[in-house]
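Right, one structure below, let's go through it.
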Amino acid sequence: MALRTSLARLRPALQTKARRTFAKPTKKRLEWTDEMEARVLQQMRGESNSFGAATLEDGNEKRTHISEVDAGGFELRGDVFVPTSICCLPYHAFLWRARVQEDVTVESLRLFTVVHPRPEIVVVGLGARGPRERLAEVEQHFREEGIALEQMDTANAVHTFNILNDEGRTVGGAFLTLEPRGVDEYADPLADKVT
């Protein structure tokens with residue numbers, strides 16, 4: 001009984017305190033500043049995240065990732081299939097004209113010596129069987145340029161590239177398809193129709 005009376009006396013005090021604690025928020029007029037607009041535009045372009053830091057350097061969501069290798073080409077980031085040999089940098093992938101191991105020359109790999117920042121290592125995938133013989137001239141050129149060169153079969157080269165790139169290393173990759181295609185398979189089927 002004494003407990004009920006003490007609760008009855010405390011109840012009004014608790015209700016008024018609760019009303020003060022959970023008061024309705026006042027409506028505040030938001031002002032749109034130039035800084036807010038610039039931040040939103042950067043986010044829409046993918047240039048920064050909500051903390052204002054560049055996403056290009058932060059996460060792996062923009063990095064090149066080869067999700068699948070098959071006889072006819074490569075699947076990039078799980079949604080784009082490229083039916084030819086490719087050269088990759090940490091954030092970009094390019095079509096590569098090389099079809100067979102004999103096409104892999106200093107000139108065909110020139111991309112890696114002219115980009116900035118230069119890759120610290122270039123992984124070269126030389127088809128399904130890997131290197132038949134070492135590319136001595138290419139190795140010598142890259143050694144003189146201060147870039148490490150690794151040669152292996154394409155499947156292992158892609159795996160190595162993905163691991164190094166996910167670690168945030170400055171890496172390059174050049175990958176031949178597992179099965180070389182004929183020269184005319186690379187031709188543009190619409191080239192004759194363009195006037």
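No lab work stands behind these numbers, since they all come straight from the coordinates. On a predicted model such as this, the values are computed, not experimentally measured, just so you know. With ideal geometry, Cβ positions are generated from the backbone for all residues, glycine too; neighbour counts draw on all protein chains shown.
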Subject >> Computed E for H92/E35 - FRET, C-beta separation, R0 45 angstrom, nearest 0.05 >> reply: 0.90
Original post:
Within a Cβ distance under 9 Å of H65, other residues only, what is the Lys/Arg minus Asp/Glu net charge?
Top reply: +1
Original post:
Quick one: if you stick a label point 7 Å off each Cα along the C-beta vector at V114 and E137, how many nm between them?
Top reply: 1.9 nm
Original post:
Could you give the semi-axes, largest first, of the ellipsoid that matches region 65-182, computed as the square roots of 5 times the alpha carbon gyration tensor eigenvalues and rounded to whole Å?
Top reply: 20, 17, 12
